[in-house]
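Asker: What follows is a single structure, and I will ask about it in a moment.
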Amino acid sequence: MNADDERQDLPLKNVVEAVLFVAPDPLPLKKLAALTGASPDELRTVIGELQGEYAGRGVELAYVGGGYRFYSRPEYAPWAKQVLPIERGPRLSRAAVETLAIVAYRQPLTRVAVEEVRGVNSDAVLKTLLDKKLIITDGREDAPGRPFRYRTTKKFLQHFGLAALNDLPSLEEPETGG
Amino acid sequence: MTDYRVRLPVYEGPLDLLLFLIQEDELDIYDIPIARVTEQYIAYLELMQELDLAVAGEFFVMAATLMEIKSAMLLPRGDVPKAEGLEDPRALLVAQLLEYQRFKGAAGELAAREAEQSSKYPAGGDGRFSGGAASGESIFILLDAFRGVLARAPEARDVVPGLRGPTIEDRLAYVRRRLKDAGGRVRFDALFEGPRIVIIVTFLALLELLRAGECRVRQDRTFDEIWIYPTLALV
């Protein structure tokens, strides 16, 4: 019996569970398919089973930023954070989240287009977002000065726990108060 | 005021301030009482200048725009057909405010998603970034509360001559100590005591600590007390 035969004997669900357990980033379906040789439909089935089995447990299998990943559930954060070697950084500033929201809904767009909505210079905040790799440049606008256009990254989706761009909160009625 | 000049940046823009003024007084965004809002806007702008905050040039452009709209409102518009909504001098500004408010709302929802996601710890290590301070609340909420504190403060002339003025370093140490001693949160207005100059420098020190991410501000509901929370670094 060769190694390939042995691999085929192992349940696909367990293989998927094992690779998701150790992966340092969310794994897209495509990558799982390449790793296991299984079809996307087969993978979706076993992932659905896994998600069912992990319901009510301390971890969950989530689809975030275009891929699957295990996360501890939010209610266990008080314990989870005690065992992490590095203190997690503070969250993004209001200006940063606001700018990201504009980029996310209007991408790709230029700095000037961001500033038209915000009504204030956004050079520094865009630079910060670029440094954090939450946005990247996406070509240049066909306009005088050929300014850069920006779009959000997968890291942006992961940071906000979004499955994909169409998972963004809806942009309809303005919020009041608060 | 040169001895404690720190030029703290204000990240919010003029639209933030206008929305803040409109929401605070529960004004109708479609029918903004422009004279009243202009007056309040300029009062905030003056306070920010008095504190020597690094206010973006756009704040002054907006002040000019507001005054322009205010004078346009005084012109008789009897001949204008009523159906022409664009003839209202406020129309452009209102459209801009509404558009901005939509994104602010979306940003609020994104921030909530961020908060939830940040309490989920991924398998296979944490690739998240660090750094970049979150202020928690708008600086205008702080400025609003600070106006109250200043109004109750003794007049400037009670500074004892010959006494060394407060430095930003002294007041940074003071705010840090207060947060540490409290072992938790400190009420915003409880931070301020003594002469006016001390109060002003203490406020600037607080802004500096917020900027550096050493503490956060939280006001859970409008008109509730404002609290300062140390971040983990301080405890």
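The numbers here are math on the coordinates, done by the rules we state, and not lab data. Since this is a predicted model, take the numbers as computed values, not measurements. No Cβ is skipped: glycine too gets one built from the backbone with ideal geometry, and neighbour counts run over all protein chains shown.
Asker: First check a/c for the stretch A:1-152, with a ≥ b ≥ c the square roots of the eigenvalues of its C-alpha gyration tensor; if it is under 1.5, answer rounded, and if not, answer prolate when a/b is larger than b/c or oblate otherwise.
Answerer: Prolate shape, in that a/c is at least 1.5 and a/b is the bigger ratio.
Asker: Next up: How far is helix A:12-22 tilted, in degrees, relative to the longest principal axis of the Cα atoms in chain A, given as a value from 0 to 90 rounded to the nearest 10?
Answerer: It is inclined by approximately 50 degrees.
Asker: Taking only DSSP H segments of four or more residues, each worth -39500 (n - 2.57), what value at 222 nm results for chain A once the sum is divided by all its residues, to the nearest 500 deg cm²/dmol? Provide the component values of the computation, followed by the final result.
Answerer: Details: 9 runs with 83 residues, N = 178.
Mean residue ellipticity at 222 nm (helix-derived): -13500 deg cm²/dmol.
Asker: Another question about this same structure. Pick out, in residue order, every one of the trypsin sites (Lys or Arg not before Pro) in the stretch A:110-156 that is DSSP loop and has at most 15 other C-beta atoms within 10 Å; say none if there are none.
Answerer: Sparse-neighbourhood loop trypsin sites (Lys or Arg not before Pro): A:Lys133.
Asker: Here's another thing I want to ask about it. Rank these for me by crowding, B:Phe20, B:Phe60, going from fewest to most other beta carbons within 10 Å.
Answerer: Details: B:Phe20 20, B:Phe60 13.
So the ranking, lowest neighbour count to highest, is B:Phe60, B:Phe20.
Asker: By its C-alpha gyration tensor, with a ≥ b ≥ c as the square roots of the eigenvalues, how is the stretch A:94-166 shaped: rounded for a/c under 1.5, else prolate for a/b larger than b/c, else oblate?
Answerer: prolate
Asker: Give me A:Ser72, A:Ser170 sorted ascending by neighbouring Cβ count inside 10 Å, so fewest comes first.
Answerer: Ascending Cβ contact count within 10 Å gives the list A:Ser170, A:Ser72.
Asker: Residue by residue through A:98-104, how many Cβ atoms from other chains fall within 10 Å of the Cβ on average?
Answerer: Details: counts 12, 2, 6, 10, 7, 0, 4.
Mean partner-chain Cβ count within 10 Å for A:98-104: 6.
Asker: Cross-link candidates for A:Lys133: which lysines have Cα within less than 25 Å, leaving aside residues fewer than 8 places away along the same chain?
Answerer: Hits, sequence-local ones excluded: A:Lys30, A:Lys31, A:Lys81, A:Lys154, A:Lys155, B:Lys104, B:Lys120.
Asker: In addition: Treating the beta-carbon of each Lys and Arg as +1 and of each Asp and Glu as -1, no other charges, what is the dipole magnitude of the stretch A:3-83 about its Cα centre, to the nearest 20 debye?
Answerer: Magnitude of the dipole: close to 440 debye.
Asker: With label points built 7 Å along Cα→Cβ from the Cα atoms of A:Glu141 and B:Glu116, find their separation and express it in nm.
Answerer: For the pair A:Glu141/B:Glu116, the computed spacing is 3.4 nm.
Asker: Continuing with the same structure: Explain nothing, just the number: dipole magnitude of the stretch A:94-166 about its Cα centre with +1 on each Lys and Arg Cβ and -1 on each Asp and Glu Cβ, in debye rounded to the nearest 20.
Answerer: 260 debye
Asker: I'd like to compare A:51-58, A:26-33, A:96-103, A:10-17: which one has the highest average count of other Cβ atoms within 10 Å, and what's the full order after that?
Answerer: Descending mean neighbour count gives A:96-103, A:26-33, A:10-17, A:51-58.
Asker: Taking the Cβ of each residue in B:Tyr44, A:Tyr150 as the centre, tally the other Cβ atoms inside 10 Å and list the residues starting with the fewest.
Answerer: B:Tyr44, A:Tyr150
Asker: Under 5 Å between amide H atoms, partner at least 5 residues away or on a different chain: which partners does A:Arg140 have, H built in plane at 1.01 Å?
Answerer: Long-range HN contacts for A:Arg140: A:Arg149.
Asker: Charges at C-beta only: +1 for Lys and Arg, -1 for Asp and Glu. How large is the resulting dipole of the stretch A:33-178 about its Cα centre, in Debye rounded to 20?
Answerer: The calculation lands at about 620 debye.
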